[in-house]
Amino acid sequence: MCGIVGILSEQPHSIRSNTLHMLKRLEYRGYDSVGVATLEGDIQKEAGQVDPFVATITDYETCGSIAHTRWATHGGVSRVNSHPHSDATGEFMIVHNGIIENADELQAMVPGCRPLSETDSEVIAAFFRHRVVEDGLSMEEAIQDFFRVTEGTYAVLLMRKGDERMYALKHNSPLALARVGGLAGGAFVLASDISAFSDETGEAYFFDDMTYAIVAPDAFEVFGADGAAHAMVPHSFEWSSEEATLEEHPHFMIKEILEQPQTALRLLESFRTIQSEPLTAFAAHMKRARRIVFLSCGTSYHASLIGAFMLNQLNYEAHTVIASEFENFILVDASTFVIAISQSGETMDVILPLKQIIDDCAGLGAIVNVPHSTIQRLSTVSLDLLAGQEICVASTKAFTNQVIALMGLAERLGFDIDLSVIPGKISQTLEDIDPICKHLADELSDRNEIYVLGRGAAYPMAREIALKFKEIDYIHAEGMMAGELKHGTLALIEDGTPVICLIPGSDRSMLSSQREVEARGARTIVVSNTGEGEVNVPPSGNAEFAIYACLFGHLLSYYIGVARDLPIDKPRNLAKSVTVG
Ligand code: F6R
């Protein structure tokens, strides 16, 4: 949800080749508008995406630059609402990721402040100008004052014309800092996440909440909100930059779907090597707890449903809840072990409840893809998904690895599953179902609605497949428990309505649901692991079937998106990392 980048270098750097190159790598965080500012006060910005913007801007060489790619929250998609913002004189320039909840109050503290934009961010620049120029505070005092008076979430980069330093402030929104030796004689890069600079370095510092940094071209200092020095240690990470390139593929979605035999294998190998101990420790926490509660959103929520399914089979009390409704639907006590599942590790709907319960529960287990992400840093014990960077907004390979990670934990607790066969079967499934997915995409691409039915471990997959039809194909889809059909939704089934039935083995209840919709004229598409479907995946147990059935859903939604000529990797209105609550 918005990506920010700042570079402070010893020798001048190019805003086109350096700043916007790094920003491009954060574009999956939001792609409504883009902008860049230099230390000298030149601001260029426009609605739209990074590539067309880069093609039209004037390139500048500068020692300080900040840039922003936006996912609109406050104010529509327009040039004036794009970042960077400045105060009325252009002296103070900012980029902001997050939401300033009391922006009106901040504005009231700045006499005469008349923002040009509808954003909650522009006032930040006006606030700093007022406190420093009118009230005579130092920059540091003004920053400490900002922490005192501001409510909300923010990672802010601030530059002042004529000041060779850059200021970085963080509360609740992610912010990382890295030293990049090869850039313009040496530079510090500040960014929303490591993807911005992972092709340049494998080491970064991660800001804590309520801290700020003063960054000079050759050194930086970090402080708490009260001005006391705050220690930050570097962490190394592995985050391949090759994953950020399409290679021969037309879209990242298909590239990421096809990577799954390798990414699944990498995760499984890690269970025998580098992640063997964390896996054992994670499972031990689960064993000790009286109950287990999963916390997650969207696709990651669907993975958590599979986790709960397997744990319930093992007689563990396991619950799932969609994180944004956490406080309304679940209770956590000292005997509850909480498991947060998140590709990005930065989803605000997950982070906010975690922060509330962290001291009252039996511990937090994190299953995340992005190393050193906020959710991982909050956790007692964690597993890395090792799926590599996922660029397409829709999660595919990270989702499959979430399910495999949960299977790894369930196996340690006694669940009967042979994990070693999964990468091979993923490969086989992808090969086998490709032609039928293309064929079905032709048939379904002009439909406005699709239903997906499942039971048990296939129910979460019904939801997951339907979610992909919505986000990738803009088709209204409903993924539901097959048993619920006759309690209302059946009224919507008419002649030709497409209904995908996920039927592992010879699940009798599923077969009844299939017949019920066929009796009303539905066009059913059966996904089976016994060779009796229109779509056939390898023989497997129920939990494993979920993985292969989902490959079908992901691939079909991809080909429908292609047939409908949609912006598959960047669907409208969405962003990969949802860092606002
Ligand atoms: C859908 C999708 C989203 C995410 C959700 C949570 O394809 O990717 O539904 O799963 O926004 O994101 P993470 O997993 O980063 O917490």
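The values are calculated or read from the model by the stated rules, or taken from the named source; none is laboratory data. Values in this document were obtained by computation on a predicted structure and should not be read as measured data. Every residue, glycine among them, receives a Cβ derived from its backbone with ideal geometry; neighbour counts consider all protein chains shown. What goes into the accessible areas is simple: the full protein's heavy atoms, side chains included, and nothing from ligands, DNA or RNA. Shrake-Rupley method; radii C 1.70, N 1.55, O 1.52, S 1.80 Å.
Just a few scattered comments:
- Flag if Y474 is touching a helix residue (DSSP H, G or I) at 6+ places or on another chain (Cβ under 9 Å), of a type in the set (F, W, Y) and within 29 Å of F271 (Cα to Cα): no
- Counted residues, segment 394-413 - those being surrounded by fewer than 22 Cβ atoms within 10 Å (Cβ to Cβ) and either within 12 Å of the ligand (Cβ to nearest atom) or assigned to a loop (DSSP other than H, G, I, E, B) (or both): 1
- Screening the candidates T19, T62 for the property of being in contact with a helix residue (DSSP H, G or I) (Cβ under 8 Å, 6 or more places away or on another chain) and without any contact (Cβ under 8 Å) to a residue 60 or more places away in the chain yields one hit, T62.
- Among the residues making up segment 219-235, those that are part of a strand (DSSP E or B) and touching a residue at least 24 places away in the same chain (Cβ under 8 Å) are F220, F223, H235.
- The residue of segment 558-581 that is nearest to the ligand (Cβ to nearest atom), among those that are open to solvent by 50 Å² or more (accessible area, probe 1.4 Å) and in a helix (DSSP H, G or I), is V562.
- Check on G181, modelled with pLDDT under 95, more than 16 Å from the ligand (Cβ to nearest atom) and within 25 Å of T380 (Cα to Cα): no
- Test: residue in segment 155-164 that is open to solvent by less than 10 Å² (accessible area, probe 1.4 Å), outside any strand (DSSP E or B) and not aromatic (F, W, Y): no
- Inspection of segment 327-338 finds no residue satisfying the criterion of being out of contact with any Gly (no Cβ under 6 Å at 6 or more places or on another chain) and under 19 Å from Y459 (Cα atoms).
- Only a single item in (1) under 25 Å from L265 (Cα atoms); (2) at pLDDT 95 or above; (3) crowded, with 24+ Cβ neighbours inside 10 Å; (4) within 15 Å of the ligand (Cβ to nearest atom) is not met by Q376, and it is number (3).
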